[in-house]
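The values are calculated or read from the model by the stated rules, or taken from the named source; none is laboratory data. The model shown is predicted, which means the values in this text are computed figures rather than measured ones. All Cβ positions, glycine included, derive from the backbone under ideal geometry; neighbour counts span all protein chains shown.
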């Protein structure tokens, strides 16, 4: 069994390879929130099927690979419905206001030294860190 | 090149496949690893930094290659230069996103990648995320209005 950081690095290289293919072959930036969000708010237009094809790959490959990983992943996701709803709403609204998330602003933006990507990434990491301290250590809700 | 060209749809699927496979392999669909990375006062988990660093290697190379190209391999336009405007939508949106990310340990990519094994809790999160994405344009228009009235 390899340590987690090696799997993290291998997984990261795969993620970056996906982004490189989407950029160099399709000419597009691989940002998950933008790909999903434009389908949701109807701004996708003609690129609808390209986005849906991308998302089909995102869903299908983990499903196909799962048997190689022991058939199951413990996602440790909370069962607290109010927390899930609040978190989902914040992620959905926030990423669409900021026009990007961990993949678009983080992986794709920072790797081209985009100022907006770097500022966004600093903001969401800081907010996430402060959030975990407040909600876990002070309030004990997560 | 048409948006419906088979090559375009196929390579979008391939790119998505790498993305999903990478999210599974890296452990980023495990909310405990994400929260463990954000939780600097708890039992800190460095994995996410390796994922982010690893992902930026091929991506930075791709941006370097793209610099010398006029079009993508399929002949579509490449993305324009990144904007430089730091506005309140960017900062406020990223802060809201960060709080939600910390609360559940999920961001948009992993939430979709784990749809086949995430269970009922994940569906609740994704439904709320989609609702938020649906509501965002109205909020964006409000934030676009100037702060001071005339």
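Worth a mention:
- Filter result (touching a helix residue (DSSP H, G or I) at 6+ places or on another chain (Cβ under 9 Å) and farther than 15 Å from residue A:140 by Cα) within the stretch A:69-80: A:69, A:72, A:73, A:74, A:75, A:76, A:77
- Taking the stretch A:1-27 as the range and being more than 7 Å from chain B (Cβ to nearest Cβ) and either closer than 16 Å to residue A:108 by Cβ or modelled with pLDDT of 95 or more (or both) as the test, only A:6 passes.
- Lone qualifier among A:139, A:113, A:126 - being without any contact (Cβ under 8 Å) to a residue 24 or more places away in the chain and under 18 Å from the mean Cα position of the chain (by Cα): A:126
- Restricting the stretch A:69-100 to residues that are crowded, with 19+ Cβ neighbours inside 10 Å and not in a helix (DSSP H, G or I), the residue that is nearest to the chain's Cα centre (by Cα): A:100
- Of note, residue A:66 does not satisfy the criterion of being in a helix (DSSP H, G or I), at pLDDT 95 or above and touching a helix residue (DSSP H, G or I) at 6+ places or on another chain (Cβ under 7 Å).
- Some residue of the stretch B:117-138 being assigned to a loop (DSSP other than H, G, I, E, B) and either out of contact with any strand residue (DSSP E or B) (no Cβ under 6 Å at 6 or more places or on another chain) or modelled with pLDDT of 95 or more (or both): yes
- Those residues of the stretch A:101-142 which are at pLDDT below 95 and buried (at least 20 other Cβ atoms within 10 Å of the Cβ), in sequence order: A:142
- Checking each residue in the stretch A:118-142 for being more than 7 Å from chain B (Cβ to nearest Cβ) and under 12 Å from residue B:94 (Cβ atoms) picks out A:118, A:121, A:122.
- Of all residues making up the stretch A:30-50, the number that are buried (at least 23 other Cβ atoms within 10 Å of the Cβ), outside any helix (DSSP H, G or I) and within 7 Å of chain B (Cβ to nearest Cβ): 1
- Hey, residue B:58 more than 7 Å from chain A (Cβ to nearest Cβ), within 25 Å of residue A:47 (Cα to Cα) and touching a helix residue (DSSP H, G or I) at 6+ places or on another chain (Cβ under 6 Å) or not: no
- Among the residues of this structure, residue B:34 counts as one that is buried (at least 24 other Cβ atoms within 10 Å of the Cβ) and more than 7 Å from chain A (Cβ to nearest Cβ).
- Residues of the stretch B:62-84 satisfying the condition of being more than 18 Å from the chain's Cα centre (by Cα), facing another protein chain (nearest Cβ under 7 Å) and more than 12 Å from residue A:27 (Cβ to Cβ): B:65, B:84
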